[in-house]
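Encoded as structure tokens, the structure appears first; notes follow it.
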Amino acid sequence: AEHQADDATDSALGAHGLADSAVSEIEQAEDAITVAEDAGKTVGLDEAKDLLQQAEAAYETGDYAQAEELASRARSSAAGATKEGGLPVIWIGAAALVVALSAGAFFLTRKDGGKGVETPASFDLDRLFEEHPHLRIDDKEVIRFIAESGGEVFAAELRERFKVPRTSLWRMIRRLEREEVVEVSTIGGQSLVKISQNYLEGGS
């Protein structure tokens, strides 16, 4: 029995170690993709992004070894990405500028105090928390922050506000999305996280 207990402990520690390694590799792959994008190296980057998505999916199912391997391949693929030659690079830069300006305009429209700006939506957080009693404390803090920000924020804002790794935040957002607490869309290449419209004040 003592040997079995030791084996179980070793197995648990091993799984925990694999999970940590997988998270680290996924974060490194994300960083490598970001670096490549910032440098305009887009040729071959789609493969890296696809591998990263597969790695995140594998992590979600608990296959940490597979997640680590896929993330490692994603990181290598991102490191091998190259720039497009000639004018396309200029167009990529122009597109990035348009995205940045669009994102900036979006942020400005969410600021309070200006004339003509609509009143932010109000959400019934009491009902939301009552219907999801298992939510963690950090889940509730994130949800309150989103509600106070007009009901929607970019994932980058959440990372900056709560100082959490991208992978940890991604797991939280995906969990809340599966439970229909939040909705996720993409605007200008950025993930926008919104509280479900089901929890608007006066909604059903």
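The values are calculated or read from the model by the stated rules, or taken from the named source; none is laboratory data. The structure presented is a predicted model; accordingly, all values stated were derived computationally and were not measured. Note that we place each Cβ from the backbone using ideal geometry, even for glycine, and neighbour counts take in every protein chain shown.
Can you name the residue in region 157-195 that is among the hydroxyl-bearing types (S, T, Y) and in contact (Cβ under 8 Å) with a residue 24 or more places away in the chain and is also surrounded by the most Cβ atoms within 10 Å (Cβ to Cβ) among such residues? Result: T167.
Return the only residue of D126, D138 being assigned to a helix (DSSP H, G or I), modelled with pLDDT of 90 or more, charged (D, E, K, R) and in contact with a Phe, Trp or Tyr (Cβ under 8 Å, 6 or more places away or on another chain).
None of the other options fit; the residue is D138.
Look at region 27-38: where a residue is over 12 Å from K49 (Cα atoms) and a partner is not in a helix (DSSP H, G or I), sitting 6+ places away or on another chain with Cβ atoms under 6 Å, you get E27/P165. Screening F145 on (1) modelled with pLDDT under 95; (2) of a type outside the set (A, V, I, L, M); (3) not assigned by TED's automatic domain parsing to the domain that holds E37 shows it passes everything except condition (1). The residue that is farthest from Q28 (Cα to Cα), counting only those in region 151-182 that are of a type in the set (D, E) and either part of a helix (DSSP H, G or I) or within 12 Å of the chain's Cα centre (by Cα) (or both), is E177. Once region 29-44 is narrowed to residues that are over 19 Å from R166 (Cα atoms) and out of contact with any Gly (no Cβ under 8 Å at 6 or more places or on another chain), the residue that is modelled with the highest pLDDT is V43.
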